[in-house]
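Undergrad: Take a look at the following structure, please.
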Amino acid sequence: MAAIALATLALVAAFAFQSSSAQAPTGGVVALTGARVIDGTGRPAIEQATIVINTNGRIQAVGPASSVQVPAGATRVDMAGKTIMPGMINAHGHLTYNKELGDPVREQLIRRLRAYAEYGVTAIVNLGSTEADELEGIKLRDEQSRGPLDRARVFTGGLNARGKTPEEARKSVDRLADLKVDVIKFHIDGNPNDMTTETWSAIIDESHKKGLRSYVHVFYLKDAQAAIDKGVDVIAHAVRDQDVSPQLIRDMKAKNVAYIATFTRDLAVFVYETRPSFFDDPFFLRGNSLYRFEVNVLSDPKRQETVRNNKNAQAIKTALEQNMKNLKMLSDAGVAIAMGTDTGAAGPGNYGRWQGYFEHLELEYMVKAGMTPMQTIVATTGAAARATKLDNDLGSIQPGKQADLLVLNANPLTDIKNTRQINSVWLGGRRLAAPETR
Ligand SMILES: [Zn+2]
């Protein structure tokens, strides 16, 4: 009991969002004034900016204070000294149920989406449900348009599409389309259990017939190239066996195929060979109520030893280096890069993919790989929204877009780690209540 009480105290301390003069708005017109605004398009930050949010929770106007008029009666929120960027979008996440946690499916999925939101990740694309959570995920997606949100938005692919024959594969896409999923995801793992080219090509073709974009899980260059040749829309994991080829780069640009690196997914394969130092990072401990179960499992020295002795896990260290090299090459070449992490995949094979914390670590890795802070911010905002066709509503601070905002106490353009200096998170124009007040 004492240990639990102590842990709870530490948690409350870690959760204490730095308060600002902002009051939680009540749904009227709101004007955020005096902040630096990074709008998610890649354009230079606007200093001393004003953002006007209308009663529908959308951006009405944004620009330098001198050019934006604050409507009479608007609630003004002083954001001097803050940096405001769009809420982060994770273009490759998961919303899956882990029955080991013991809570009901719906409650747990909501907790998981709250964790994302509290870390400033205001939307995720779920690239793979399990049977236990597929329908609930779709329901939560439907509910998010109906009122004030206190969790991240979710867009979902349902179960991964698959089939033993092209006909079966098409049927699996049809079933998903009938459920009204947002995207279709399938796997080419590069092993003998893979679907034949004919079968996975049928998935891409059927997705397009149903108006859905297709995302592919790959590891090998040849599989990424084959999928692009057959019209896939998004490469959902990095090429990690060799340098990306000039042909791949050319084709990705010509066909506007987006690329997601998921560095932290690779990291999660080997990093628990010892106790990672981030387990003690106060920013990590913010997520402790959700993370605790897996932290305990991963802290077991016997489990750590199995990771140290696992050849495949060790081989991913090299793959991660290749991954970083390829991201830099693709980014420099002008390929559309979207931030994604593979977080939230639940169950014993996928422990240690921390929704919320890892999105910030992913940005740090993207900068380590050679992208600029501005490029990584675009990858997790405007470009992530474009890659997932959510850009009508999300991903940038521009008139008409949802006011999903991440307000920071420090400028992430000077140090990407400043995305962790969270002042507040806004969803549809409302400030997310600090966790301890809920
Ligand atoms: Zn995934």
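Undergrad: Can you list the lysines whose alpha carbon is less than 30 Å from that of residue 417, not counting same-chain residues fewer than 8 positions off?
TA: Candidates past the 8-residue exclusion: 82, 253, 317, 325, 328, 368, 389, 401.
Undergrad: If you don't mind, another one. In Å and on Cα atoms, what radius of gyration and Dmax does the stretch 388-436 show?
TA: Rg then Dmax for the stretch 388-436, in Å: 12.3, 34.
Undergrad: Largest first, what is the accessible-area ranking of 413, 290 with a 1.4 Å probe?
TA: 413, 290
Undergrad: Next up: If amide H atoms are built 1.01 Å from N in the plane of the peptide, which residues on other chains or at least 5 residues away come under 5 Å of the amide H of residue 63?
TA: Close amide H contacts, sequence-distant or interchain: 50.
Undergrad: Keeping all protein chains in place and using 1.4 angstrom, which order do 197, 380 fall into by accessible surface area, from largest down?
TA: Working: 197 70, 380 0 Å².
Reading off the accessible areas and sorting them downward yields 197, 380.
Undergrad: Separate question: For a distance above 17 Å, tell me the whole-number percent of Cα pairs in the stretch 319-384 that qualify. All intermediate terms of the calculation are to be shown ahead of the outcome.
TA: Working: 905 of 2145 pairs.
Cα-Cα pairs in the stretch 319-384 separated by more than 17 Å: 42 percent.
Undergrad: Rg over Rh of the stretch 63-120, using C-alpha atoms and the Kirkwood radius, what does it come to?
TA: We get a ratio of 1.21 for the stretch 63-120.
Undergrad: Which whole-Hz ³J(HN,Hα) couplings does the stretch 166-180 yield from phi under the Karplus relation 6.51 cos²θ - 1.76 cosθ + 1.60, θ = phi - 60°, glycine and proline marked x?
TA: Residue by residue, the stretch 166-180 yields x, 5, 4, 4, 4, 4, 5, 5, 4, 4, 5, 4, 5, 6, 6 Hz.
Undergrad: Can you tell me the mean projection area, over all orientations, of the convex hull of the chain's alpha carbons? Units nm², please.
TA: 20.5
Undergrad: Moving on to the next point. Using a 1.4 Å probe on the protein heavy atoms only, what accessible surface does residue 417 show? Give it in Å² to the nearest 10.
TA: Roll a 1.4 Å probe over it and residue 417 shows about 90 Å².
Undergrad: So, with a 1.4 angstrom probe, what is the percent of accessible area on the chain that is carbon and sulfur? Intermediate values should be presented prior to the final figure.
TA: On the way: 9030 of 17790 Å².
Reported share for carbon and sulfur atoms: 51 percent.
Undergrad: At a probe radius of 1.4 Å, what is the per-residue accessible area of residue 220, in Å² to the nearest 10?
TA: 80
Undergrad: Roughly how many nanometres apart are two label points built 7 Å out from the Cα toward the Cβ at residue 368 and residue 175?
TA: Calculated label separation equals 4.0 nm.
Undergrad: Right, next: Starting from the exponent 0.38 and prefactor 2.2 Å, build the expected Rg for the stretch 93-165 from its residue count and divide its actual Cα Rg by it.
TA: Cα Rg divided by the expected 2.2 N^0.38 Å: 1.10.
Undergrad: Taking the stretch 177-312, how much of its Cα-Cα pair set, in percent, is spaced more than 19 angstrom apart?
TA: Roughly 61 percent, once rounded to a whole number.
Undergrad: Quote the FRET efficiency, to the nearest 0.05, computed for residue 101 versus residue 300 with a Förster distance R0 of 22 Å and r equal to the Cβ-Cβ distance.
TA: Working from the Cβ atoms, E equals 0.80.
Undergrad: Can you work out the accessible area per residue across the chain, with the rest of the protein chains kept in place, probe 1.4 Å, in square angstrom?
TA: 41
Undergrad: Probe radius 1.4 Å, ligands and nucleic acids left out: which of 205, 280 has the largest accessible area, and how do the rest follow?
TA: Per-residue accessible area, sorted high to low, gives 280, 205.
Undergrad: Between residue 55 and residue 251, 0.36 nm times their residue separation minus their Cα-Cα distance comes to what?
TA: 66.2 nm
Undergrad: Now for a separate question. Can you tell me the alpha carbon radius of gyration of the stretch 178-225 divided by the globular rule-of-thumb value 2.2 N^0.38 Å?
TA: That ratio works out to 1.18.
The values are calculated or read from the model by the stated rules, or taken from the named source; none is laboratory data. Quick caveat: nothing in here was measured; it's all calculated off a predicted structure. Here Cβ is always computed from backbone atoms with ideal geometry, including for glycine, and neighbour counts include all displayed protein chains. Side chains are part of the model used for accessible areas, which takes the heavy atoms of the whole protein and leaves out ligands, DNA and RNA. Shrake-Rupley method; radii C 1.70, N 1.55, O 1.52, S 1.80 Å.
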